[in-house]
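The values are calculated or read from the model by the stated rules, or taken from the named source; none is laboratory data. Please read these numbers as outputs of a predicted model, since none were measured by experiment. With ideal geometry, Cβ positions are generated from the backbone for all residues, glycine too; neighbour counts draw on all protein chains shown. Note: areas computed on protein heavy atoms with side chains; ligands, DNA, RNA excluded. Shrake-Rupley method; radii C 1.70, N 1.55, O 1.52, S 1.80 Å.
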Amino acid sequence: MTIGIWILGDRLTTKQLTLQNNQDRKQQTPVILIESSNYVRQRPYHRQKLVLVWSAMRHFAAELKADNWQVSYEISADFATPLQAWIRQNQITELQITSPCDRPFFKLIQNLDLNCAITFLADNHFLWSKDEFITWSKSRKRLLMEDFYREGRKRFNILMDGKKPIGGKWNYDKDNRQPPKQNLQTPEPLTFKADAITQEVIDWVKQEKFSDYGKIEPFNWGVTRQQAQAVLAHFVQECLPNFGTYQDAMITGEYTMWHGLISPYLNLGLLEPIEVIDAVETAYYQQELPLNCVEGFIRQVMGWREYMHGIYYHQPEGYSQSNWFEHHHPLPEFFWDASKTEMNCLRQTLTQIEDTAYGHHIQRLMVLSNFALISGISPQEIENWFHSAFIDAYDWVMQTNVIGMGQFADGGVLASKPYAASANYINKMSDYCSGCQYNKSDRTGDKACPFNFFYWDFLIRHRDRLHSLGRMNLVLSHLKRMSDTEAQEISFLAAKWWKEQKT
Ligand code: SF4
């Protein structure tokens, strides 16, 4: 029997079971990595995403080779052709693969016509396995993230004082919502120069025109585990002490502020979630960092990331087609070209994403996703855009984040109310409105901010549905004070905006 290992592009870690289990016979174990151009042509991925994944794969393959694994690296239109040839050549009888996170990719593998047995080994790149999450979910009436997060803190003994949370509270989110101040001194992100391998991938992506979305250079991302570890160390040293306080703030031209830029590496397997959590917890004890900063970050990794992964498997496959509000507008053209919108918050955020393939969580949730929700864009169209545009996006993370959290299209499986907001929120948490041609205070009239008339139109259109959620009743009560004339004008402006849109 000959075992062969197929390393997937988002599992670039020697800790995966396929490699761990065959460590003793690595010189006799064929390993393959494959770049498939057909696969990436499925959607217009940001070009930096393609460079990141393929360069990281090529670097990882070189590291495995240097460690005496028998590595083949194939660049092909499809996956099947190089796999079949490699299986034949090496007389492989069993193909071992780390169970893919993304359901569509899992199906793709199951449908491959390969002349050997396929064994999926458990993915150990999350703190909670799929089965552990399902077991936890069975004991709950509602799958609240906060409950899951607390369970994780206890289970892995993170920021705990015996059975109680350190500091006496589980969650310091209220301390992490400071609006931006003038002249904040933000740290420089750690960036990397493209080496020969990365430059080769950049040239390849340009030449083959896999996508024309996003700037490809400057490409500043790390592509190896060593670089990912350096990003983690930089975050802990330079950003963590202030991470929490201005976590939700947005400032023109400030792309990263105190954010970690760690998610692309976590999602590729270049960093392990537990090592990230341990590094942050250790810094808390050794450097006496503010608890709101440390807890806020650990909640992102131990809470949200794990929870989103668990929910993705917990929900049936049809989850991706959820559309509770029955929103069907197509994605406006400006999502692919920021210069085509005059809404400054969207223009700044979309320009930043074109430049870097990155935006932080509030830009994602309260600018982009919020706009899609209140204006009535199809949840599937906006999810596809998020999946294409962001450097850290995969099916497992975007379905739940965008369909569930951002669009409330699942009717409340993972959020208790929609994240819908008017210009009021954006103005409070950013400096975008001061540079905008729209008036942040107007919901009707020539200069009315689209976030305002869409927000109120959203409440008007979905009044009955939103009443059923309970938590929206206070907000809905404001509708009673709105005259019929104003409500009609708001609906007219929303309809007119869509008529004028290019999609
Ligand atoms: Fe965005 Fe409206 Fe503010 Fe302009 S005024 S930046 S469109 S929220």
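Values as computed for the structure displayed
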{"item": "Where chymotrypsin sites (Phe, Trp or Tyr not before Pro) fall in DSSP loop in segment 337-418, at most 11 other Cβ within 10 Å", "result": "none"}
{"item": "Where the Cα pairs of the chain fall when distances are cut into 10 Å bins, in %", "result": "4, 18, 28, 27, 16, 6, 1, 0"}
{"item": "Probe 1.4 Å, protein heavy atoms only - accessible area per residue of the chain in square angstrom", "result": "43 Å²"}
{"item": "With Cα atoms, 0 to 90° folded angle of helix 379-389 axis to the chain main axis", "result": "50 degrees"}
{"item": "Between 0 and 90°, nearest 10: helix 225-234 axis offset from the chain longest Cα axis", "result": "40 degrees"}
{"item": "Cα pair distances exceeding 18 angstrom across segment 327-421, given as percent", "result": "39 percent"}
{"item": "Radius of gyration and maximum dimension Dmax of segment 3-121, Cα, Å", "result": "13.6, 41"}
{"item": "Accessible-area composition of segment 321-501, carbon plus sulfur, in percent [1.4 Å probe]", "result": "46 percent"}
{"item": "Considering only the chain, percent of DSSP beta bridges that pair antiparallel, nearest 5", "result": "10 percent"}
{"item": "MRE, 222 nm, helices only [DSSP H, n ≥ 4, -39500 (n - 2.57), over the chain, to nearest 500]", "result": "-12000 deg cm²/dmol"}
{"item": "DSSP-assigned coil residues among GluC sites (Glu not before Pro) in segment 292-345, each with at most 14 further Cβ atoms within 10 Å", "result": "326, 342"}
{"item": "Angle between the chain longest axis and helix 484-500 axis [Cα atoms, degrees, rounded to 10]", "result": "40 degrees"}
{"item": "Coil-residue trypsin sites (Lys or Arg not before Pro) of segment 380-476, DSSP, other Cβ within 10 Å capped at 11", "result": "none"}
{"item": "Rounded percent of accessible protein surface that carbon and sulfur make up, segment 130-314, 1.4 Å probe", "result": "47 percent"}
{"item": "Quarter of Cα convex hull surface for segment 130-314, i.e. mean projection, nm²", "result": "13.1 nm²"}
